[in-house]
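Novice: Pasting in a structure now, in structure tokens, and then I'll have a few things to ask.
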Amino acid sequence: MTTTGATRHTRYDRRMFAVMNNPRAGALHATAARRRTAVGAHAVLTAAGVAAGVGSYASDRPWLAVALLVLLLPWCLATGVLNGATRGLLELRTRVLDERQLAERDRVRARAHRVTTFLLACAVLGVAAADWSGQVRAGALLVPVLAAVFVTHWLMPLWVAGLTARDEPGEAEQGPGSGM
């Protein structure tokens, strides 16, 4: 799919690039504090969603499934803010990203892998300690721990990218009275 050495972008690629780089939503992630807030909100919504999902699976409480559905909309909005803050770093296809973005994506994934490995080690030690102490059977922790580990592993690159994204240079360089 290359023409004269250049990669051909599909209509989907162009549309997703435009969505991920939409300047109208820039105010939501313009500063590091706003990006940290978005990551924190996304993590809290994710934890609540996992708790509701695991709770509805493990108990006879159908209202938890409704809670999961209610949490889905704000979670999707927070995900969109983080994808906009990272300019689609983790969502866009490789052929759409330049060399700098590819290197940044590799750094984000490597850092997220290290954090997730540490969290996995903590989960293993926690389950082993709970089982050893006789407080909780390890089998009872299987579904909640696996769900939490899976979701954390899936979303950690997005959270790391959101926390490490830099401010746009145009915002900082434009001083008062610059006309914009």
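Novice: Among the residues in region 49-60, are any open to solvent by 60 Å² or more (accessible area, probe 1.4 Å), of a type in the set (Asp, Glu) and more than 13 Å from the chain's Cα centre (by Cα)?
Specialist: yes
Novice: Here's another thing I want to ask about it. Out of LEU146, LEU158, report the one residue that is open to solvent by 70 Å² or more (accessible area, probe 1.4 Å), on the phi < 0 side of the Ramachandran plot and of a type in the set (A, V, I, L, M, F, W, C).
Specialist: After ruling out the rest, the residue left standing is LEU146.
Conditions (1) at pLDDT below 85; (2) assigned to a helix (DSSP H, G or I); (3) within 27 Å of ALA103 (Cβ to Cβ); (4) hydroxyl-bearing (Ser, Thr, Tyr), marked per residue:
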| site | (1), (2), (3), (4) |
| --- | --- |
| TYR12 | no, yes, yes, yes |
| GLY40 | no, yes, yes, no |
| ALA48 | no, yes, no, no |
| GLY53 | no, yes, no, no |
| ARG61 | no, no, no, no |
| LEU72 | no, yes, no, no |
| THR79 | no, yes, yes, yes |
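Novice: Then there's this: Considering only residues that are closer than 24 Å to GLY49 by Cβ and surrounded by fewer than 16 Cβ atoms within 10 Å (Cβ to Cβ), which ones fall in region 124-137?
Specialist: Result: VAL124, GLY126, VAL136.
Novice: While we're on this one: Can you tell me which residues in region 100-113 are loosely packed, with under 11 Cβ neighbours inside 10 Å and at pLDDT 95 or above?
Specialist: Selection gives ASP106 alone.
Novice: Has region 2-12 got at least one residue that is open to solvent by less than 20 Å² (accessible area, probe 1.4 Å) and either among the aromatic types (Phe, Trp, Tyr) or touching a helix residue (DSSP H, G or I) at 6+ places or on another chain (Cβ under 7 Å) (or both)?
Specialist: no
Novice: Pull up region 161-180, narrow it to residues that are in a loop (DSSP other than H, G, I, E, B) and open to solvent by less than 50 Å² (accessible area, probe 1.4 Å), then point me to the one that is modelled with the lowest pLDDT.
Specialist: Ranking the candidates gives GLY175 first.
The values are calculated or read from the model by the stated rules, or taken from the named source; none is laboratory data. Everything numeric here is computed off the predicted structure, so don't read it as measured data. With ideal geometry, Cβ positions are generated from the backbone for all residues, glycine too; neighbour counts draw on all protein chains shown. When the accessible area is computed, the model is the full protein with side chains, heavy atoms only, and any ligands, DNA or RNA have been set aside. Shrake-Rupley method; radii C 1.70, N 1.55, O 1.52, S 1.80 Å.
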